[in-house]
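> This is the structure I have questions about; it appears just below.
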Amino acid sequence: MHEENKTAANGCGKIRSGAQNGAALLALMEKTGYSMVQQNGQRKFGGPPPGWEGPPPPRGCEVFVGKIPRDMYEDELVPVFERAGKIYELRLMMEFSGKFIGVCVSLDNCRLFIGAIPKDKKKEEILNEMKKVTEGVVDVIVYPNATDKTKNRGFAFVEYESHRAAAMARRRLIPGTFQPWGHTIQVDWADPEKVVDEETMQRVKVLYVRNLMISTTEDKIKAEFNKFKPGVVERVKKLRDYAFVHFFHREDAVAAMSVMNGKCIDGASIEVTLAKPVNKESSWKQHFNGQISPSSENLLGFPNKEDGTQKSLAKPASLSVRLNGQHSPGSPEVERSTYPFFPGIKLTPISMYSLKLNHFSSAVMHLDYFCHKNSWAPPEYCLYSTTSQDGKVLLVYRVLISSIADDSQSYFMPEKLCTTVEDAKELAAQFTLLHL
């Protein structure tokens, strides 16, 4: 926030000095009995409040509030938040801006993603190494390689006892400052697990099975899960080293999960959990934090928000100028650069799914990435053609998106035709993303 000796305007537009601000905060502490300390770039009010008995509130009780005006302090914020209930702790960060606040449930993420780990390291070795340099380590999650179960996949997830412990560990593990086993590791927040309400989970009758051998067939999986009670498995869908096992009845799925978790199939010890249904209604634009621009919607023929008219489709935002010979305003091309490859530069094998979204410049790659993140089957493209009045061959793709977990399917086909296969596929992918 600001230095305390600077003047500040309160929420009513009045200017108050640093001394007045300090007096207001002291009055708040005297009135509420809460303490206030400043540490690690934030000012903490309470935690615990006076008279609090028992453990701190569990995870899920914290909300994040953003875009708070810079001139607003605890003496004005606390009365607002107290309307919702008793405050356990309020942490005010050092920098704020904007006029309107936004409130959402705090993720309280306690898990870090650690990449570029030597593939010959076992869970115990990784756990011990993380405990040497960071505090609050609870567990390490390591997945076997899909083709060689004696090796890991080159990454792990480290679980910490609290979000604070994970945040401090993330700072400590900044690449270049810590090199376990002589390797420069990659560190980032792990994607938070999808939260599905209990009522929905009570209806799930599909099991998610991971750590399978690549060679294990769907028929073998079905036979193994039918052993404890013949005929209970409806069908199996397998992708690489994981699969979804569909049951006719939920009670059989729950019983199979208990029996089969940890069992060996073709020499691999499998992990079995209830599959989490994916809500397709959560839009792709929200999932990727609004990275698709309004101009992209107009290019795809969406109604104009101002006048209700429909823009004609010229090209998807990520396509080049080939389709109409000019760029659309507000749709800048993705910045691309090349760098010299000097002898001796060390390369690390990675999966494309470990990258960030901004590493992909095409809608086709975005759609593949999105399906993988949601544990859906890869998108299926079916090509169709027709002939224009002047004899040109025109092309369009229809895209099938299948959610394996809940056995649903959706088809998407743009209403525009292209003259090249590449443009038709890119258009179909972007059209699909905007409708998911």
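> Heavy atoms only, probe 1.4 angstrom, no DNA, RNA or ligands counted: give me 189, 52, 376 ranked by accessible area, highest first.
52, 189, 376
> Apply the Karplus curve 6.51 cos²θ - 1.76 cosθ + 1.60, θ = phi - 60°, to the phi angles in the stretch 112-124 and return the couplings in whole Hz, x for Gly and Pro.
10, 9, 10, x, 6, 7, x, 6, 8, 7, 8, 4, 4
> Just add up the charged neighbours of residue 271: K/R +1, D/E -1, any other residue whose Cβ is under 12 Å from the Cβ of residue 271.
Residues near residue 271 contribute +1 overall.
> With the full set of protein chains in place, find how many percent of the accessible area of the stretch 18-93 is carbon and sulfur; take the probe as 1.4 Å.
That share works out to 56 percent.
> For a protection proxy built on the mean count of beta-carbon atoms within 10 angstrom, sort 146-157, 361-372 highest first, please.
361-372, 146-157
> Let me ask something else about it. First select every other residue whose beta carbon is under 13 angstrom from the beta carbon of residue 261; then total the charges, Lys and Arg +1, Asp and Glu -1.
Local net charge: 0.
> In whole percent, how big is the carbon plus sulfur part of the accessible area of the stretch 111-235, probe 1.4 Å, protein atoms only?
Exposed carbon and sulfur together represent 49 percent of the surface.
> Carbon-plus-sulfur fraction of the accessible area of the stretch 356-434, 1.4 Å probe, in percent? Working shown, then result.
Details: 1860 of 3780 Å².
Of all accessible area on the stretch 356-434, carbon and sulfur atoms account for 49 percent.
> Which pairs in the list 131/205; 149/220; 151/263; 119/238; 121/237; 151/425 are over 27 Å apart, alpha-carbon to alpha-carbon?
131/205; 121/237; 151/425
> Using 0.36 nm per residue of separation minus the Cα-Cα distance, give me the extension gain between residue 31 and residue 220 in nm, one decimal.
Extra length from residue 31 to residue 220 when fully extended: 61.2 nm.
> Please list the three semi-axes, largest first and in whole Å, of the ellipsoid equivalent to the stretch 18-93, using sqrt of 5 times the eigenvalues of its alpha carbon gyration tensor. Don't skip to the answer; put the middle values down first.
Working: eigenvalues 81, 47, 30 Å².
Largest first, the stretch 18-93 gives 20, 15, 12 Å.
> What are the ³J(HN,Hα) couplings of the stretch 346-352, residue after residue, when phi is run through the Karplus curve with 6.51, -1.76, 1.60 and θ = phi - 60°? Round to Hz, x for glycine and proline.
Once θ is set to phi - 60°, the couplings for the stretch 346-352 become 7, 10, 10, x, 9, 8, 4 Hz.
> Another question, then. With +1 on each Lys and Arg Cβ and -1 on each Asp and Glu Cβ, and nothing else charged, work out how big the dipole of the stretch 18-93 is about its Cα centre, in Debye to the nearest 20.
In debye, rounded to 20, the stretch 18-93 gives about 220.
> Quote the charge dipole size of the stretch 337-436 about the Cα centre in Debye, to the nearest 20; the model charges only the Cβ of Lys and Arg (+1) and of Asp and Glu (-1).
Values: 7 positive and 9 negative charges, 69 e Å.
Using only the charged Cβ atoms, the result is roughly 340 debye.
The values are calculated or read from the model by the stated rules, or taken from the named source; none is laboratory data. Treat the numbers as computed from the prediction; the structure is a model and nothing was measured. Glycine gets a Cβ as well: all are built from the backbone with ideal geometry, and neighbour counts include every protein chain shown. When the accessible area is computed, the model is the full protein with side chains, heavy atoms only, and any ligands, DNA or RNA have been set aside. Shrake-Rupley method; radii C 1.70, N 1.55, O 1.52, S 1.80 Å.
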